1. Read through the list (1) closer than 25 Å to His222 by Cα; (2) away from the ligand (no atom under 16 Å from the Cβ); (3) not in a helix (DSSP H, G or I), then give the number of the only condition that Gly45 fails.
2. For Leu570, work out the one condition from (1) in contact with a strand residue (DSSP E or B) (Cβ under 6 Å, 6 or more places away or on another chain); (2) touching a residue at least 60 places away in the same chain (Cβ under 8 Å); (3) within 24 Å of Arg482 (Cβ to Cβ) it doesn't fulfil.
3. Provide a single number: the residues in region 308-334 that are more than 26 Å from the chain's Cα centre (by Cα) and either surrounded by 11 or more Cβ atoms within 10 Å (Cβ to Cβ) or free of Cβ contacts under 8 Å to residues at least 12 places away in the same chain (or both).
4. Quick check on Glu169: is it within 16 Å of the ligand (Cβ to nearest atom) and within 27 Å of the chain's Cα centre (by Cα)?
5. Out of the residues in region 102-143 meeting the condition of being within 16 Å of the ligand (Cβ to nearest atom) and not in a loop (DSSP other than H, G, I, E, B), tell me which one is farthest from Ser76 (Cα to Cα).
6. With the requirement that a residue be in a helix (DSSP H, G or I) and surrounded by fewer than 20 Cβ atoms within 10 Å (Cβ to Cβ), what does region 366-376 give you?
7. When the residues of region 490-533 are narrowed to those that are under 15 Å from Val457 (Cα atoms) and among the basic types (Lys, Arg), which ends up farthest from the chain's Cα centre (by Cα)?
8. When region 6-24 is examined, which residues are found to be within 16 Å of the ligand (Cβ to nearest atom) and of a type in the set (A, V, I, L, M, F, W, C)?
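The values are calculated or read from the model by the stated rules, or taken from the named source; none is laboratory data. Computed from a predicted model, the values in this text were never measured in an experiment. Using ideal geometry, Cβ is built from the backbone for each residue, glycine included, and neighbour counts are taken over all protein chains shown.
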Amino acid sequence: MSNREKHDRMANAIRALAMDAVEAANSGHPGMPMGMADVATVLFGKVLKFDPTDPHWPDRDRFILSAGHGSMLLYSLLYLVGYEGMTIDDIKHFRQLGSKTPGHPEYGHTVGVETTTGPLGQGLANSVGFALAERMLAAQFGSDLVDHHTYVICGDGCLMEGISEEAIEIAGRQKLSKLIVLWDDNHITIDGATSLSVATDQLARFEASGWEATRIDGHDPHAILAALEHAKTTDKPSLIACRTTIGYGAPTKSGTNAVHGSPLGAAEIAGARAALNWEYEPFVIPSEILDAWRLAGLRSRQAHKSWSQRLKDAELDKRAEFERRVRGELPSKMGDVLANVITKARADGGAVATRKSSEIVLEALTAALPEMVGGSADLTHSNNTKTKATSVDVVPPAYDGRYVNWGIREHGMAAAMNGIALHGGFIPYGGTFLVFSDYCRPSIRLAALMGVRVTYVFTHDSIGVGEDGPTHQPVEQIAALRAIPNLLVFRPCDTVETAEAWKLALEHKTGPSVLALTRQNLPLLRTDSSERCRTAKGAYELASASEEAQVSLFASGSEVSLAMAARDVLEEQGVPTRVVSVPCFELFMNQPEESRRQVVGKAPVKVAIEAAIRQGWDAIVGSDAAFVGMTGFGASGPAPQVFAHFGITVDGVVQTALSRLGR
Ligand SMILES: Cc1ncc(C[n+]2csc(CCOP(=O)(O)OP(=O)(O)O)c2C)c(N)n1
């Protein structure tokens, strides 16, 4: 068999598996895998550094299928190269409930899947984080241990999505030369030709952002290999536009949107089998082709062995630290570090904004945890995310800093932080205003879905923003974030709760966390000397009533101090009142029912207070409770006046409670 013949047959194995699996599932996307089979065959067969027997090898090249609808491309490859846990039966169960081959690639579900993709553009933007993490980790541990590439296959959809622009600009600025993007330039999307909706010169666009860009025939294995090899030598990120035919091999449907997202049908599949000279039954790969693929799977064995030897030979301390970082384990001193912060905050006692509290905590944490990498979407001095330990920026060529200037690119930042966390070796945190969490939301959702540890520092968390007005005053964002499963949303009331929130966020290894922080100063409320991390329960009684409580006040963040002041007034008026601080709904909902009941208490009047919409509170306080908060958008003006305008005041809370008591 000639090399060309061998290549064609290896690529046709992907095409056959893709069309057969989609046919069996009666759903899926055969066109993209069939079109990109040649590119994928060269990449996995000749270039990609990977070892199917150790899918988590830290120095493997990363492969990201940003065009996640083409998942059968990835599943076929994982099966063909011999990943344990991807069998032909898994391929036959494509898109079935509980299978390892879900509709779109899911991180943590299928071995060999580096990130969850499907929402177009996210994978491409994740890849920027992967490639940046590789450079940063190499800067810290040396190229002996860290020296790999990040490869992406994306489609027209990924490049049309706005997030791609942010990702491309970040990668260009950071000169991520080991990031190589293969664009499936097939001129087709769901609705038809790309010309329906796009007239962009993509190569010029990438070049304008500091990339090297080239166009090749995506069905010519020599051109593909040459382009990949060249891309590895440049000092810029690379775009390789691979001109392909979607559904390559399908006799009547190839090159059209008919092959994008539907089974081909028996007749078209028979025609494709004939055209591709593929005479085998569905799901049958002849042994010489499977052997060729399995050999490709062994290609990096030696590289892996040499790497393992280098790790073994590394100094003991360096090796232990590298392994700890890759495992994502926190250093044992973290507890002491936070305890010191809390002791000092109690000694200092003054009022501080929780964004400042977060900065105080971060100063200590980032000094103790070299894996923390910070950043902000151009609001560093508002988000208070930069510390002494992270004062050096991450910039080429050294990449030895710990702070990323993401620019005004919230979505790109959030997606890249996912990539950094998924790469391993780092715990990313990044800031913007809470109101702009909407700009990050698709990536936050994916962080939660994937279960990756990312922390969002969202400051300016209410109408307390004041003069910037309703465009900058979040009202529905907290509720919207609380709606995302597996996302911890913390709204701490003082420095102690902020330190506890940071601790819990870092310990939440299986999901992301939000810290919603104030711009305005707040008094220290947790003045007791207890070392208990009370935030861990999500809600707790901060102040008890003098006698059996008539009123329970529930609040989060800046409204907890308001509740405490209202309690004083009510107690003075002879109304026994308790205050429950609610820094984290999700953690509270995880408590056993009995302890939740105790925290909620039996007071006949319950009032929840939050300078945001009510949505979500009923699950804690009940729909019969009163609520002091927002019902619409905010207003521009000095913060105290805005709070007064909306009745979110001590008097407002007192009057609400008294009227509920019929007084
Ligand atoms: C954010 C987002 N919007 C819409 C979709 C639905 N969708 C899936 S594939 C696709 C078309 C993608 O076109 P292209 O990238 O050219 O893929 P190809 O047709 O070449 O397979 C769309 C709109 C999606 N997955 N993600």
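1. Gly45 satisfies all of (1) closer than 25 Å to His222 by Cα; (2) away from the ligand (no atom under 16 Å from the Cβ); (3) not in a helix (DSSP H, G or I) except (3).
2. (3)
3. Our first condition is that a residue be more than 26 Å from the chain's Cα centre (by Cα); within region 308-334, this holds for 308-320, 333.
Remaining after also requiring either surrounded by 11 or more Cβ atoms within 10 Å (Cβ to Cβ) or free of Cβ contacts under 8 Å to residues at least 12 places away in the same chain (or both): 308-320.
Result for region 308-334: 13.
4. Working: within 16 Å of the ligand (Cβ to nearest atom): no; within 27 Å of the chain's Cα centre (by Cα): yes.
In short, no.
5. Ala125
6. Filtering region 366-376 down to residues in a helix (DSSP H, G or I) leaves 366-368.
Residues satisfying the conditions are Ala367, Ala368.
7. Selected residue: Arg519.
8. Initial filter on region 6-24 (within 16 Å of the ligand (Cβ to nearest atom)): 14-15, 18-19, 21-22.
Once the filter is applied, which keeps residues that are within 16 Å of the ligand (Cβ to nearest atom) and of a type in the set (A, V, I, L, M, F, W, C), region 6-24 yields Ile14, Ala18, Met19, Ala21, Val22.
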